[in-house]
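Each value in this text was obtained by applying a stated rule to the coordinates, not by laboratory testing. What you are looking at is a predicted structure, and each value in this text was computed from that prediction instead of being measured. Glycine also receives a Cβ, built like all others from the backbone with ideal geometry; neighbour counts cover every protein chain displayed.
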């Protein structure tokens, strides 16, 4: 008769403090999985990404890097501290180059973010379509893009901030090709997400 093995979790998270975790807690909690986000004081753990998600992030990052003027920098896998209880990690961001604090920088302020991009996954759909855009707009981030797969085809929804109301307004829905002039001119063949 073989030995009975029990699988115990490697780490048990402590009960969240009253009022939830804070943005600073992301830097202090031991053993957090990579890409953990803080939304409304709660920790959000990212599921394994699909090939579409990975290729979409890579495509957007590379095309934005090629088109970006020197006063901005394209970053990914970094957070933006929206407030004490919110520190999401957009899939790709365009930030002001002047916001660079050095090679140990891990987060940006919302006023330093020019564009936040989210690539929608099944487990992040509500956050990427509703929660994060609302929070980015309230924080004053001027541009937001949401990329999804629709019937096997990539589609990008482009939004601009209406400054008086701090609400995003859709300025375009792009199938197969994304061509915009703001925040800077960029032309992306979205179908390339399906090519190696």
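Structural remarks
- Here the label points at residue 40 and residue 181, each 7 Å from Cα along the C-beta direction, are separated by 3.9 nm in the simple model.
- Spacing of the modelled spin labels on residue 130 and residue 170, each 7 Å from Cα toward Cβ, amounts to 1.7 nm.
- Comparing 80, 94, 182 in a Gaussian network model of the chain (Cα springs below 10 Å), the most mobile by mean-square fluctuation is 182.
- Inter-probe distance in nm under a simple model that places probes 7 Å from Cα toward Cβ, at residue 32 and residue 84: 1.7 nm
- Both radii were evaluated on the Cα set of the chain; the Rg over Rh quotient, with Rh as the Kirkwood radius, amounts to 1.02.
- Of 132, 51, the sequence from fewest to most neighbouring Cβ atoms within 10 angstrom is 51, 132.
- By the equivalent-ellipsoid construction on the alpha carbon gyration tensor, segment 104-196 comes out with semi-axes of 22, 15, 14 Å, ordered largest to smallest.
- Mean residue ellipticity, 222 nm, helices only, the chain: the sum of -39500 (n - 2.57) across DSSP H runs of n ≥ 4, divided by residue count and rounded to 500, is -4500 deg cm²/dmol.
- When you restrict to C-alpha pairs under 8 Å that are six or more residues apart and normalise by the size of the chain, the relative contact order lands at 15 percent.
- Acute angle (nearest 10 degrees) that the helix 51-67 long axis makes with the longest principal axis of the chain, alpha-carbon atoms: 40 degrees
- Based on C-alpha pairs under 8 angstrom that are at least 6 apart in sequence, segment 23-126 has a relative contact order of 26 percent.
- GNM top mover of 15, 146, 134 - the chain, alpha-carbon springs below 10 Å: 15
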